1. Pairs of alpha-carbon atoms within less than 8 angstrom and 6+ residues apart define the contacts here; what relative contact order does the chain have, in percent?
2. Which distance in Å, rounded to a whole number, links the C-alpha centroids of segment 82-160 and segment 182-257?
3. Could you compute the FRET efficiency for residue 219 and residue 18, with r as their C-beta to C-beta distance and R0 at 25 Å, rounded to 0.05?
4. First measure r as the distance between the Cβ atoms of residue 227 and residue 167, then evaluate 1/(1 + (r/R0)^6) with R0 = 25 Å and state the FRET efficiency to the nearest 0.05.
5. Most exposed first by the Cβ proxy, i.e. fewest other Cβ within 10 Å, how do 13, 119 rank?
6. Neighbouring Cβ atoms within 10 Å as the yardstick, rank 244, 37 fewest first.
7. What do the square roots of 5 times the Cα gyration tensor eigenvalues come to for segment 1-49, in whole Å, largest first, as semi-axes of the equivalent ellipsoid?
8. Ranked by Cβ crowding within 10 angstrom, fewest neighbours first, how are 215, 194 ordered?
């Protein structure tokens with residue numbers, strides 16, 4: 001059983017025609033690639049920055065783009081999102097809220113569980129306050145033995161791309177760590193935000209950040225002063241990507257994938273026959 005993760009879609013409207021065309025086309029490539037996977041994923045989780053400015057009209061565009069999906073799509077909030085704008089357009093499974101109005105919910109897929117968290121706070125920062133942390137602790141404790149993937153837009157660890165990384169002293173990281181520590185059913189934290197695939201460990205759990213469907217961040221691990229522009233490249237037209245979570249009994253495995261048309265190189269014959 002597999003679940004596809006897409007992230008950082010940044011869907012927008014004709015107010016921004018360049019990004020509208022580019023981000024929509026890249027999203028279409030990713031959705032097409034996911035629908036061609038075998039076996040077909042049972043679900044798609046869109047893990048935040050669904051749209052670019054949080055406007056209701058952008059969510060209408062997102063709804064239009066996702067209407068053709070033959071796979072159920074679930075959503076999480078990112079820092080470019082607006083709960084009010086999102087909930088004005090989306091409702092029901094995949095767009096549920098907790099008792100405090102945060103877009104947080106759990107979905108069971110047979111032998112595994114996906115718990116979607118809401119880290120939306122401001123223009124770039126993540127947040128996970130006491131109310132959200134209490135919800136997560138309670139939700140995880142409902143199924144202590146079911147292998148679980150926790151979805152949150154903001155990675156709780158540094159990527160090394162300094163201008164995007166969280167402040168290590170942010171209180172929300174401590175709250176999240178306190179909830180996740182020792183809860184062994186959590187097998188992976190599925191994140192986005194960095195527009196680049198990377199992995200690490202947080203509170204004893206694997207952190208897996210997926211590449212964006214929109215343009216990727218340039219991999220530049222040098223120091224930067226965000227108040228002093230220095231002309232460096234910060235975004236790059238690398239291919240759009242997505243992640244694929246595979247559930248095999250108690251084990252969850254993540255694959256990082258690129259979307260696009262690539263010619264086959266070898267076919268499974270005897271002897272092996274190279275095609276290129």
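1. That works out to 19 percent.
2. That distance is 17 Å.
3. 0.60
4. Between residue 227 and residue 167 the formula returns 0.95.
5. Listed from fewest to most nearby Cβ atoms, that is 13, 119.
6. Listing 244, 37 from fewest to most nearby Cβ atoms yields 37, 244.
7. 24, 12, 5
8. Going from sparsest to densest Cβ surroundings: 215, 194.
Just so you know, all these numbers are worked out from the coordinates, no wet-lab data involved. This is a predicted model, so every value here is computed, not measured. Every residue, glycine as well, gets a Cβ built from its backbone with ideal geometry; the counts of neighbours run over all protein chains shown.
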